[in-house]
Amino acid sequence: IQALANPKALEQFKNLEEFRFSGYLDEDDKEMNIFPEMKKLKTLEINLNFPFKTGKASKFKNFEKSSNLEKVILSIGYCVKRDGSRWTSSSVDFSKFSLLEKLNYLELNSIEQDKIKNLNNLKALKTLKIINPFMITEDMGPYDGIVDKPLNHQDFEFLKSSQVLEKLEIYFPRFG
């Protein structure tokens, strides 16, 4: 647990091929959202719960530095506070995922729906699962008043570059 709470600590495991994490991060660490470079890492699974202290959202990045990733499962996005009083949504920087040339399995749970279209040029992708993409609705009472438009076919244009795709599962929001 301390390894992801402090990304620098994870770097000591140079031969790590599989890493799975579920829980809370150390919000006092200003680099908690920057994943370290892990050259031998093949499987990465991260399931983040609501920020424990501040409730502030973060943007998670640097996954592309682990260039041997083949399987990625990310549950980073919509979360409800422990007391159920409010929601938040962290995001993932997908802009450089195309650098993951060996990535053949990608599962995204509760990610912000407007980030889906940034999954460009995933040429080795054989399996893609998008489960409950997060959409801000008027009923949620967004602080800034911005409400998301429903997903449409243009949000999935990136699939054209995934020529070897064999399995596609999309579960539109089913809860709430």
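Rule-based calculations on the coordinates, nothing more; no lab input. Nothing here was measured: the structure is a model prediction, and the numbers come from that model. Neighbour counts run over all protein chains shown; Cβ positions are idealised from the backbone, glycine included.
Hey, which of these cross-link pairs are over 30 Å Cα-Cα: Lys14/Lys167; Lys65/Lys149; Lys30/Lys126; Lys65/Lys117; Lys123/Lys149; Lys30/Lys149?
Where the Cα-Cα span goes over 30 Å, the pairs concerned are Lys14/Lys167; Lys65/Lys149; Lys30/Lys126; Lys30/Lys149.
Could you compute the net charge surrounding Ser98? Neighbours are other residues with a C-beta less than 10 Å from the C-beta of Ser98; K and R count +1, D and E count -1.
0
Roughly speaking, what is the stretch gain from Glu107 to Lys39, that is 0.36 nm per residue apart minus the C-alpha to C-alpha distance, in nm to one decimal?
Full extension from Glu107 to Lys39 adds 22.4 nm.
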